[in-house]
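Here's the structure we're looking at; comments come further down.
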Amino acid sequence: MASITVKTVAGQDAGSIELAAEIFGVQPNVPVMHQVVVAQLAHRRAGTQSTKTRSDVSGGGKKPFRQKGTGSARQGSTRAPHYVGGGIALGPKPRSYSMKVNKKVVKLALASALSDRFNEGRVVVADDWGFSKTKDAVAALKALGIDGTVLVVVNRDEEAAAKAFRNIPSVQLVLQDELNAYDVLCNKHILFSKKSVPTPKAKAETGAAS
């Protein structure tokens, strides 16, 4: 198991805790992370774009001119794709972009992302939030030496701290059971409280975040 020093919101040491090796100590698997991120972004797509084919466009029931004798190519309808105002050939129709990814793959991607951030020294664990105002949250980030984007992971019972962090532009807030590889990779630092540090038992109960 990997050990990490716990910090107070004032930046002082407050002991240490052991992190699960199967979550923070795996060899980062780049292809798996890529697969899961692509699937997650695809799942977010609405898939509601739609175009009208020649059968959906109104009008065009009469031939624009007679079949023979005009010197022009024969035409059956002004709603054909090559006419202005005609239907669209091979245009998009509503569809689902969702991709199936096994739960074990999703869990491995999350563990790979967390392990990568941990190996870079960008995982921070706070002892206890102990504040409910945004200015105190900003001061805590500064005291902890966190600059740039940060993913703050909170428990559902840490509502006061969540409200303090949510107004900071560089902070992305996420619940522990919604933690996922994409959000981890999108942020420079990952900040946990002692309560919100993921464990194998917690991940088994909540499943993989999507």
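The values are calculated or read from the model by the stated rules, or taken from the named source; none is laboratory data. Because the structure is predicted, anything quoted here is derived from the model rather than measured. Positions of Cβ are backbone-derived with ideal geometry, glycine not excepted, and every protein chain shown enters the neighbour counts. Areas reflect the complete protein model, heavy atoms only, side chains present, ligands, DNA and RNA absent. Shrake-Rupley method; radii C 1.70, N 1.55, O 1.52, S 1.80 Å.
For segment 41-130, the relative contact order is 32 percent, taking Cα pairs closer than 8 Å that sit 6 or more residues apart in sequence and dividing their mean separation by the residue count. When the alpha carbon coordinates of the chain are projected onto the principal axes, the ranges are 94, 37, 27 Å, largest first. At a probe radius of 1.4 angstrom, the accessible area of the chain per residue rounds to 58 square angstrom. Residues whose amide H lies under 5 Å from that of Val125, counting only those 5 or more places away or on a different chain, are Lys7, Phe192; hydrogens are built 1.01 Å from N in the peptide plane. Rounded to the nearest Hz, the phi-derived 3J(HN,Hα) couplings of segment 93-110 under the Karplus curve 6.51 cos²θ - 1.76 cosθ + 1.60 (θ = phi - 60°) are 10, x, 7, 9, 9, 4, 10, 7, 10, 5, 4, 5, 5, 4, 5, 5, 5, 5, where x marks glycine and proline.
Count the net charge of all other residues whose Cβ sits under 10 Å from the Cβ of Gly60, scoring Lys and Arg as +1 and Asp and Glu as -1.
Details: positive: Arg54, Lys62, Lys63, Arg79; negative: none.
Around Gly60, the charge tally is +4.
The loop-placed trypsin sites (Lys or Arg not before Pro) in segment 19-119, going by DSSP, that have at most 12 neighbouring Cβ atoms within 10 Å of their Cβ come out as Arg45, Lys62, Arg66, Lys68, Arg74, Arg95, Lys100.
Cα axis of helix 30-44 to longest principal axis of the chain: angle in degrees, 0 to 90, nearest 10? The angle comes out near 60 degrees.
Quick one: of Lys107/Lys194; Lys52/Lys93; Lys100/Lys201, which pairs are farther than 19 Å apart, Cα to Cα? Walk me through the numbers before you get to the answer.
Numbers: Lys107/Lys194 21 Å; Lys52/Lys93 9 Å; Lys100/Lys201 24 Å.
Correct reply: Lys107/Lys194; Lys100/Lys201.
Shown here for segment 134-167: trypsin sites (Lys or Arg not before Pro) in loop regions (DSSP other than H, G, I, E, B) with at most 16 other Cβ atoms within 10 Å, namely Arg156, Arg166.
Solvent-accessible area assigned to carbon and sulfur over segment 1-160 amounts to 53 percent, based on a 1.4 Å probe.
Compute the convex hull volume of the Cα atoms of segment 1-119, divide it by the residue count, and report the result per residue in Å³ as a whole number. Walk me through the intermediate numbers first.
Numbers: hull volume 22.2 nm³, N = 119.
Value for segment 1-119: 187 Å³ per residue.
Amide H contacts under 5 Å for Ser170: none, restricted to partners 5 or more places along the chain or on a different chain, H placed in the peptide plane at 1.01 Å from N.
Mean sequence separation of contacting Cα pairs (under 8 Å, at least six apart), scaled by the length of the chain, corresponds to a relative contact order of 25 percent.
The share of C-alpha pairs in segment 47-114 whose separation exceeds 13 Å stands at 74 percent. Other residues within the sphere of radius under 14 Å centred on the Cβ of Pro94, judged by their own Cβ, net out at +3 (K and R +1, D and E -1).
A simple count of charges around Asp136, restricted to other residues whose Cβ falls under 13 Å of its Cβ and scoring Lys, Arg +1 and Asp, Glu -1, yields +3. Placing +1 on each Lys and Arg Cβ and -1 on each Asp and Glu Cβ, with no other charges, gives the chain a dipole about its Cα centre of roughly 2180 debye.
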